[in-house]
Amino acid sequence: MNRPIILHILSRAQWDFAKRSGTYRPPSLEAEGFIHCSTIGQVIDTANLFYRAQPDLLVLRIDQRKLTSRLVFEAPVTASDTRPRTLFPHLYGPLNLDAVIDAIELPCATDGSFRLPAALGDAPRPLEMETRRLGRTGFAVNVLGFGASEIGYQNVAAGTVGKLLNSALDAGLNVIDTAACYDTSEELIGAAVGHRRSDYLLFTKCGHASGLPVDDWTPALIEISLVRSLKRLRTDYIDLLQFHSCAAGTLRDDDLIAALVRAREKGLARAIGYSGDGADALYAVETGVFDTLQISVNIADQEAIDLAIPAAAARDMGIIAKRPIANAAWLFSRWRIGDYEKPYWRRLKRLNYDFIRADPKGAVRTALRFTLAVPGVDVAIIGTSRPSRWAENAAFAADGALPRAQFDAIRARWLITAKSDWIGLR
């Protein structure tokens, strides 16, 4: 299992002093309140931007799980920092030395530049996906998350789920999204990666009884469903507890809302959210209650780009994109398409995107990168039952958001083709 590693650049003299004193407190801790750190994909850009031609430098490899000070992933803080938009690890307090795995030499080349040391370059490491802040939750999320409906509804074998999720975590996954009503999904996740709870953010949903002896959408159900989810997932807290696709009328029940808020107040859920679409999603946003919005957005479903997402972003809500590749509906024939994917299949026939015609299989990459380019989207959730498919999607996400010209072309095609009844789909 890969350890969640962050890196820090310092001089050899600073490291020698830290070892003598038993702790590490660089000047930035006093001046800015935190210690600057990097991921493996950020460290060389950092070295070349701030340490060029400086001799006798080291890189500390730090195990996040052993840190005693608070670690927060945040945007760069200096105007001179021209690196691409992403989040950097900041340690708010001294570095305890028992969290340091080792110190690796960082020699500079004759032109003063730096290269990744072999000790880091040869080591297995996660794909370097962009990290974004999930709105006011403050959660640092890699842009591709795992949606766990498929493993539950298809009752995928526990061994397969274990291989899938553990390999995904090793490759950089840090968000797993499920729901109480996804059949065996929560149990499978708990059995597969419950022992790695500190390695990922765990999102689930509630509102449907799904076998419990109470009515849907009642305060009693919210409390009982959460207790069941915690047991199934083998954890004592949920990072994000979401209402699962209820209508705006349901959200007018103050007692129901209060039950969700209590879960956050008790520490059983660190944040609360709403998952849904269309006018119901917009109403949920406008209540001001929820920390996040999970909503369908993709090349065949763009209502949210103009309706709920701007309103959510304006309130600093975290935005989770579901169905971000439109279920790859274009890859199915008319006779093999399921009812769930069929509306997207029909829309895509009319949209007739040139990138799908040119390379149907390769179009998955473009579709995912389109969703990641939607202003306000923080993370896209994709489900699969095949370990190789998640790795493939992760490589697509690592390519980054779609360039603006391609994004605008897809938006333009939608705006001239979409019918008035092409609303957001659950």
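The values are calculated or read from the model by the stated rules, or taken from the named source; none is laboratory data. Just so we're clear, the structure is a prediction, and the values are computed from it rather than from any experiment. Cβ placement follows ideal geometry from the backbone for every residue including glycine, while neighbour counts extend to all protein chains displayed.
Structure data summary
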{"read-out": "Residue in region 54-65 that is surrounded by fewer than 18 Cβ atoms within 10 Å (Cβ to Cβ), of a type outside the set (Lys, Arg), at pLDDT 90 or above and out of contact with any Lys or Arg (no Cβ under 7 Å at 6 or more places or on another chain) present", "value": "yes"}
{"read-out": "Residue satisfying condition, being surrounded by 21 or more Cβ atoms within 10 Å (Cβ to Cβ), assigned by TED's automatic domain parsing to the domain that holds Ser385 and more than 23 Å from Arg252 (Cα to Cα), within set Ala192, Ala180", "value": "Ala192"}
{"read-out": "Of all residues making up region 53-76, the number that are in contact with a Leu (Cβ under 9 Å, 6 or more places away or on another chain), in contact (Cβ under 8 Å) with a residue 40 or more places away in the chain and assigned to a strand (DSSP E or B)", "value": "10"}
{"read-out": "Residue tally, condition surrounded by fewer than 16 Cβ atoms within 10 Å (Cβ to Cβ) and assigned to a loop (DSSP other than H, G, I, E, B), over region 368-388", "value": "2"}
{"read-out": "Residue list for region 1-52, filter: in a strand (DSSP E or B), more than 28 Å from the chain's Cα centre (by Cα) and buried (at least 18 other Cβ atoms within 10 Å of the Cβ)", "value": "Leu10, Tyr24"}
{"read-out": "Elements of type strands (runs of 3 or more DSSP E) contained in region 101-184, each with 2 or more residues being within 18 Å of Thr39 (Cα to Cα)", "value": "131-133, 140-142"}
{"read-out": "Tally, over region 199-218, of residues that are crowded, with 22+ Cβ neighbours inside 10 Å, farther than 13 Å from Phe146 by Cβ and touching a helix residue (DSSP H, G or I) at 6+ places or on another chain (Cβ under 8 Å)", "value": "2"}
{"read-out": "Residues within region 166-181 that are touching a Leu at 6+ places or on another chain (Cβ under 9 Å) and modelled with pLDDT of 95 or more, tallied", "value": "5"}
{"read-out": "Qualifying positions in region 256-274 - more than 26 Å from the chain's Cα centre (by Cα) and over 14 Å from Gly207 (Cβ atoms)", "value": "Ala258"}
{"read-out": "Those residues of region 168-186 which are closer than 21 Å to Asp216 by Cα and among the acidic types (Asp, Glu), in sequence order", "value": "Asp177, Asp183, Glu186"}
{"read-out": "Flag for Pro375 being at pLDDT 90 or above and under 22 Å from Leu87 (Cβ atoms)", "value": "yes"}
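Let's see how each residue does on (1) surrounded by 24 or more Cβ atoms within 10 Å (Cβ to Cβ); (2) touching a His at 6+ places or on another chain (Cβ under 9 Å); (3) among the hydrophobic types (A, V, I, L, M, F, W, C):
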residue: Leu233; (1), (2), (3): yes, no, yes
residue: Asp239; (1), (2), (3): no, no, no
residue: Gly249; (1), (2), (3): no, no, no
residue: Gly267; (1), (2), (3): no, no, no
residue: Ala284; (1), (2), (3): yes, no, yes
residue: Val289; (1), (2), (3): no, no, yes
residue: Val297; (1), (2), (3): yes, no, yes
residue: Ile305; (1), (2), (3): no, no, yes
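For (1) buried (at least 19 other Cβ atoms within 10 Å of the Cβ); (2) assigned to a loop (DSSP other than H, G, I, E, B); (3) touching a residue at least 24 places away in the same chain (Cβ under 8 Å), each residue gets a yes or a no:
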| site | (1), (2), (3) |
| --- | --- |
| Val364 | yes, no, yes |
| Trp390 | yes, no, yes |
| Ala395 | no, no, yes |
| Gln406 | no, no, yes |
| Ala412 | no, no, no |
| Ile416 | no, no, no |
| Gly424 | yes, yes, yes |
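Here's the yes/no breakdown for (1) in the same structural domain as Pro76 (by TED's automatic domain parsing); (2) over 23 Å from Ala391 (Cα atoms); (3) under 14 Å from the mean Cα position of the chain (by Cα):
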| position | (1), (2), (3) |
| --- | --- |
| Gly112 | yes, yes, no |
| Arg115 | yes, yes, no |
| Val141 | no, no, yes |
| Asp170 | no, no, no |
